[in-house]
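Step one of this worksheet: look at the structure below.
The values are calculated or read from the model by the stated rules, or taken from the named source; none is laboratory data. Since the structure is predicted, the reported quantities are computational estimates derived from the model, not experimental observations. As a convention, Cβ positions derive from the backbone with ideal geometry for all residues, glycine included, and neighbour counts pool all protein chains shown.
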Amino acid sequence: MIDFHVHMGTMYRELYPERVPLTVHQLIDRMNREGIEIGVLLPLESPEGRWGYFLTEEAVEARDQYPERLIAFACVDPRYPKAAEFIDHFVTRHGCKGFGEHVNGLAFDDELNKIIYAKCDEHGLPLDFEINTNLCWDEVGLPRLEACLKEFPNVKFVGHGPAFWTAISADDPRAGYPKGPVKPGGAVDRLLSEYDNLYADLSAGSGYNAMTRDPEFAQGFIERHWRKLLWGTDIMYPDHPLPHMEWLKTLDVTAEVREAIGSGNARRVLGLDED
């Protein structure tokens, strides 16, 4: 199994010491206990992202301690004046295999965010992003995301977050964790069908809620898009509950589909079989 969405470090400064930082050794121990082979480390470097930070340098250092188990992404706030050079440095010198978690207080298609996308396009990097009410925000129907999918075709955009997953339904444009039936025709369903460079990150409460709020709809959604779905947890502290584990194990799909969601799709997006 490949966990495509992993954090460590100080993610909950406002709850310290009840929620202590997750160390790399604790992370590997948890991965061992859960049967996770590889974790993708997603730094968080924008002030709106959390009440804490996980720096790219920390992800690289952790990866270097467990190079067979961890993959490091790079992340930088797009308002940093040298964001483009930062990405070049961490990709070419430190071997970062993607960008993210991309979450900041700008519109998804803000010109500063497009600097990030252009660099990911140049390097052929996957980019894991969150869309929320006021984070990398978009309108109903996700038109800003769609415009970027067209403009940057070499970027493997991996969607995540409450407002992204709420858009699985055509009748509920609000961010959050809605319950109850999904109305077919949501933007996420359409965009996954129409754009080869869009993928979906199943991690966190948002992804889990989207897959469990309406099991009948989710079954059809998985049948349509199983080649584009990336399993993950969004782990952030040592005893973080991970319902995604049981969800994947009990999913009513073929072994081929379970393997693709659990690791195969991630291997393809990350280019692991090309190394």
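Pairing each residue of region 258-275 that is more than 22 Å from PHE221 (Cβ to Cβ) with any residue that is in a helix (DSSP H, G or I) and basic (Lys, Arg), provided the two are 6+ apart or on different chains, yields C-beta distances under 6 Å for ASP273/ARG267.
Among the residues that make up region 218-230, is at least one of them out of contact with any Asp or Glu (no Cβ under 6 Å at 6 or more places or on another chain), under 17 Å from ILE2 (Cβ atoms) and of a type outside the set (D, E, K, R)? Checked against the condition, which is being out of contact with any Asp or Glu (no Cβ under 6 Å at 6 or more places or on another chain), under 17 Å from ILE2 (Cβ atoms) and of a type outside the set (D, E, K, R), region 218-230 yields at least one hit. Restricting attention to region 180-221, the residues that are farther than 24 Å from GLU101 by Cα, assigned to a helix (DSSP H, G or I) and of a type in the set (Lys, Arg) add up to 0. In the set THR254, THR233, only one residue is of a type in the set (Ser, Thr, Tyr), buried (at least 22 other Cβ atoms within 10 Å of the Cβ) and modelled with pLDDT of 95 or more; that residue is THR233.
The test for being in contact (Cβ under 8 Å) with a residue 12 or more places away in the chain, closer than 17 Å to PHE73 by Cβ and surrounded by fewer than 18 Cβ atoms within 10 Å (Cβ to Cβ) does not hold for ASN134.
Among the residues of region 137-187, those identified as surrounded by fewer than 22 Cβ atoms within 10 Å (Cβ to Cβ) and on the phi > 0 side of the Ramachandran plot are GLY141, GLY176, GLY180, GLY185.
Scanning region 167-197 for residues that are within 14 Å of ILE131 (Cα to Cα) and either at pLDDT 95 or above or in contact with a strand residue (DSSP E or B) (Cβ under 6 Å, 6 or more places away or on another chain) (or both) turns up ALA167, ILE168, ALA187, VAL188.
Of the residues examined, ILE261 is one that is in contact with a Leu (Cβ under 6 Å, 6 or more places away or on another chain) and either under 22 Å from GLY100 (Cα atoms) or buried (at least 22 other Cβ atoms within 10 Å of the Cβ) (or both). Taking the criterion of being of a type in the set (D, E, K, R) and either under 17 Å from the mean Cα position of the chain (by Cα) or not in a helix (DSSP H, G or I) (or both), the only residue of region 147-168 that qualifies is LYS156. The residues on offer are ASN113, ASN209, and the sole one that is closer than 25 Å to ILE87 by Cα and modelled with pLDDT of 95 or more is ASN113. Taking the criterion of being surrounded by fewer than 20 Cβ atoms within 10 Å (Cβ to Cβ), under 17 Å from the mean Cα position of the chain (by Cα) and over 17 Å from LEU70 (Cβ atoms), the only residue of region 265-275 that qualifies is ARG268. Can you name the residue in region 124-134 that is in a loop (DSSP other than H, G, I, E, B) and within 22 Å of ARG190 (Cα to Cα) and is also modelled with the lowest pLDDT among such residues? Of everything passing the filter in region 124-134, THR133 is modelled with the lowest pLDDT. Scanning region 108-123 for residues that are part of a loop (DSSP other than H, G, I, E, B) and either in contact with a strand residue (DSSP E or B) (Cβ under 8 Å, 6 or more places away or on another chain) or aromatic (Phe, Trp, Tyr) (or both) yields a count of 1. Of the residues GLU57, GLU68, only one is in a helix (DSSP H, G or I), over 14 Å from VAL6 (Cα atoms) and more than 16 Å from the chain's Cα centre (by Cα); which? Unique residue meeting the criteria: GLU57. From the list VAL155, VAL60, VAL103, the lone residue that is among the β-branched types (Val, Ile, Thr) and within 15 Å of VAL40 (Cα to Cα) is VAL60. In contact with a Lys or Arg (Cβ under 8 Å, 6 or more places away or on another chain) and surrounded by fewer than 24 Cβ atoms within 10 Å (Cβ to Cβ), is that true of ALA107? For ALA107, the condition - in contact with a Lys or Arg (Cβ under 8 Å, 6 or more places away or on another chain) and surrounded by fewer than 24 Cβ atoms within 10 Å (Cβ to Cβ) - is met.
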